[in-house]
Amino acid sequence: MSALLQRLRAISKIQWLALVLIVGGVALMVWRGSNLLNNYQELNFAIEHDFKSGHPSTDLMRPWMTLRFVAASYGVPQKFIYEYADVQPRKETSDISLERINRQLGLGEVNDQPAFLVTVREAIELYRANPVSTGLLEGHVEEWMTIEYIANSIGVPVETIFAELNLPVADNAYTPLNYLDDRINYSGGLTALQADLQKIVEAHGGVRRPPQQRP
């Protein structure tokens, strides 16, 4: 034991720093690899079930889906979902699976499904029956968003946004911006598309009304 301690003390600060950087780098690679795999799974699922046509069935929701993927795919503002579920909005929560959120909250299962997934499904169905504008929770346009998601968040018809962008609506409203840019070859690329959408968000703002709470 004493020999081990002596060896550890003999390691210089530079060596310790290098070791920390290596470990941190490996952890970052694992995290990014996991995110890429999840994004690939979500993309394939969306293509297989034709999410780009809009209004997918809530029965297609899966525990491995992230909250932001669900919000974008169903065109429901994250703020609405968070408030309905009575969960504090956090970026890290948005990026993890519904199943993991369910575990973190200790919610258990309902009919052999994570209870949080069931709650999110209820939120989406309520929103479809009574859509409300909550404002863009994220504050700025991000590449994972769809134009339908942005339109619903700020309370502006999706047709209005496409008209201001001078783009066709057909099969484009439910496509994430980073994939939409590839399809339409937007002048200036994804950065320009996000910037132009941000201007629209700031110009229109949207009416903000509090979402309904769960009974």
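Cβ-Cβ distances below 6 Å connect the following pairs, each with a first residue in segment 141-162 that is touching a residue at least 24 places away in the same chain (Cβ under 8 Å), a second residue that is in a helix (DSSP H, G or I) and basic (Lys, Arg), and a separation of six or more residues or different chains: Trp144/Arg68. Applying the set (1) modelled with pLDDT under 90; (2) farther than 20 Å from Val70 by Cβ to Tyr179 leaves exactly one unmet item: (2). Evaluation of Thr93 against the conditions (1) surrounded by 14 or more Cβ atoms within 10 Å (Cβ to Cβ); (2) of a type in the set (S, T, N, Q); (3) at positive phi shows that the sole unmet condition is (3).
When segment 139-167 is limited to residues that are closer than 12 Å to Val201 by Cα and in contact with a Gly (Cβ under 7 Å, 6 or more places away or on another chain), the one that is surrounded by the most Cβ atoms within 10 Å (Cβ to Cβ) turns out to be Tyr149. Contact annotation: residue pairs with Cβ atoms under 7 Å, 6 or more positions apart or on different chains, pairing a residue in segment 41-58 that is assigned to a loop (DSSP other than H, G, I, E, B) with a partner that is at pLDDT 85 or above and of a type in the set (A, V, I, L, M), are His49/Leu60; Gly54/Ala173.
For every residue, the table says whether it meets (1) modelled with pLDDT of 95 or more; (2) out of contact with any Ser or Thr (no Cβ under 9 Å at 6 or more places or on another chain).
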{"position": "Ser73", "(1), (2)": "no, no"}
{"position": "Ile81", "(1), (2)": "yes, no"}
{"position": "Pro89", "(1), (2)": "no, yes"}
{"position": "Thr93", "(1), (2)": "no, yes"}
{"position": "Ser97", "(1), (2)": "no, no"}
{"position": "Leu105", "(1), (2)": "no, yes"}
{"position": "Glu109", "(1), (2)": "no, yes"}
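Checked against the criterion of being over 20 Å from Pro56 (Cα atoms) and loosely packed, with under 15 Cβ neighbours inside 10 Å, segment 117-138 has no qualifying residue.
Each residue in segment 107-119 was checked for being part of a helix (DSSP H, G or I) and touching a Phe, Trp or Tyr at 6+ places or on another chain (Cβ under 8 Å), and 1 of them qualify. Does Gln104 satisfy being over 13 Å from the mean Cα position of the chain (by Cα), assigned by TED's automatic domain parsing to the domain that holds Asp171, in a helix (DSSP H, G or I) and free of Cβ contacts under 8 Å to residues at least 24 places away in the same chain? It is true that Gln104 is over 13 Å from the mean Cα position of the chain (by Cα), assigned by TED's automatic domain parsing to the domain that holds Asp171, in a helix (DSSP H, G or I) and free of Cβ contacts under 8 Å to residues at least 24 places away in the same chain.
The condition of being touching a Phe, Trp or Tyr at 6+ places or on another chain (Cβ under 8 Å) and more than 21 Å from Asn152 (Cα to Cα) holds for only one of Ser97, Ser73, that being Ser97.
The values are calculated or read from the model by the stated rules, or taken from the named source; none is laboratory data. Please read all numbers here as calculations on a predicted model, not as lab measurements. When we count neighbours, we look across all protein chains shown, and the Cβ atoms used for this are built from the backbone with ideal geometry, even at glycine.
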